[in-house]
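Here is the structure we will look at.
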Amino acid sequence: MRKNIIAGNWKMHTSLREGVALASALDKKIQKHEGNIEAGVIIAPPLTHLSLIKQVIKEERICLAAQNCSSEIKGAYTGEVSAKMLKSFGVNAVIIGHSERREYFNETDEILTKKVNLVLENDMKPIFCCGENLGQREEGTHFGVIKSQIQNALFHLPANDFSKLIIAYEPIWAIGTGVTASSEQAQEMHAFIRNVLKEKYGKEIAENISILYGGSMKPANAKELLAQTDVDGGLIGGASLDADDFFEIIKFA
Ligand code: 13P
């Protein structure tokens, strides 16, 4: 059965010292917590922090993810970091296709396909993001947009590779805006996504994939969102920068 996952995307926030303190505070909270933590916990700090943070967290409590990787294997690509490099210092998952990367760094479906392939080839988990903008939601094309984002970047994968993915639905209009999708809107889209996966890969794979919601999730709204049948966790930006808030959300999942 699929697992609930709470993932923190720190984006371009925290100095190295602040990042290490945040990761270590979170690790301690999980370690000291007396009840059961059901959810898998992932954090995606900035690239510069990954190798040091790896040393202050325990892999059995927190999985380390990167926010991006190169679409190329290696070579003369100044400033890029390859999937193989990430793997070499203990990263286990990579966020691919975040709307900020699609929008500000012109990442196309074709580029995302290459990245997903490289992440899988290097034995890491892609956390694949999809999401519509406000205009698309208002004109009612959001289901089609999400379906094509998933089809175009992922449907070349064989079933055994596809089953290693985590999907994150992040409506762009809810990211960093304080406006959350209602639990009905989230459930409706997550059920739609699961159905798209079912049509291509069958019921068993679709039922076992974790589909996370992202967009202004915080302790005040997480419980209701996470209670939805097809919402299997969250990809959290702002609230993941506060160990107390992030841990509150982890406890709901
Ligand atoms: P916020 O939680 O800050 O809205 O960000 C969501 C997000 O983009 C996570 O990837």
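Of note:
- For the stretch 168-191, a tally of residues being in contact (Cβ under 8 Å) with a residue 40 or more places away in the chain, more than 8 Å from the ligand (Cβ to nearest atom) and out of contact with any helix residue (DSSP H, G or I) (no Cβ under 8 Å at 6 or more places or on another chain) returns 2.
- Cβ-Cβ contacts under 6 Å between residues 6 or more apart (or on different chains), taken from a first residue in the stretch 208-235 that is in a strand (DSSP E or B) to a second residue that is modelled with pLDDT under 95, are listed as GLY233/ALA253.
- Taking the numbered list (1) crowded, with 18+ Cβ neighbours inside 10 Å; (2) more than 16 Å from the ligand (Cβ to nearest atom) in turn, ALA7 passes all entries but (2).
- Members of the stretch 141-151 that are within 16 Å of the ligand (Cβ to nearest atom) and either open to solvent by less than 10 Å² (accessible area, probe 1.4 Å) or touching a residue at least 60 places away in the same chain (Cβ under 8 Å) (or both): ILE146
- Any chance ALA227 is open to solvent by less than 30 Å² (accessible area, probe 1.4 Å) and more than 16 Å from the ligand (Cβ to nearest atom): no
This table checks each residue for (1) open to solvent by 50 Å² or more (accessible area, probe 1.4 Å); (2) farther than 16 Å from GLY234 by Cα.
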{"position": "ALA93", "(1), (2)": "no, no"}
{"position": "GLU103", "(1), (2)": "yes, yes"}
{"position": "THR108", "(1), (2)": "yes, yes"}
{"position": "LEU112", "(1), (2)": "no, yes"}
{"position": "GLU139", "(1), (2)": "yes, yes"}
{"position": "ALA153", "(1), (2)": "no, yes"}
{"position": "PRO158", "(1), (2)": "yes, yes"}
{"position": "ASP161", "(1), (2)": "no, yes"}
{"position": "LEU165", "(1), (2)": "no, no"}
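- Selection from the stretch 27-77 of residues that are polar (S, T, N, Q) and either loosely packed, with under 14 Cβ neighbours inside 10 Å or not in a loop (DSSP other than H, G, I, E, B) (or both): GLN31, ASN36, THR48, SER51, GLN55
- Any hit, the stretch 190-200, residues being farther than 20 Å from VAL94 by Cα, open to solvent by 20 Å² or more (accessible area, probe 1.4 Å), at pLDDT below 95 and in contact with a Phe, Trp or Tyr (Cβ under 9 Å, 6 or more places away or on another chain): no
- Look at (1) open to solvent by 10 Å² or more (accessible area, probe 1.4 Å); (2) under 19 Å from ASN4 (Cα atoms) and you find that GLY214 fails only one, number (1).
- Among the residues of this structure, MET1 counts as one that is more than 21 Å from CYS129 (Cβ to Cβ) and either open to solvent by 40 Å² or more (accessible area, probe 1.4 Å) or not aromatic (Phe, Trp, Tyr) (or both).
The values are calculated or read from the model by the stated rules, or taken from the named source; none is laboratory data. Just so it is clear, the structure is predicted and the values come from calculations on it, not from any experiment. Every residue, glycine as well, gets a Cβ built from its backbone with ideal geometry; the counts of neighbours run over all protein chains shown. Heads up: the accessible areas ignore ligands, DNA and RNA and are worked out on the full protein's heavy atoms, side chains in. Shrake-Rupley method; radii C 1.70, N 1.55, O 1.52, S 1.80 Å.
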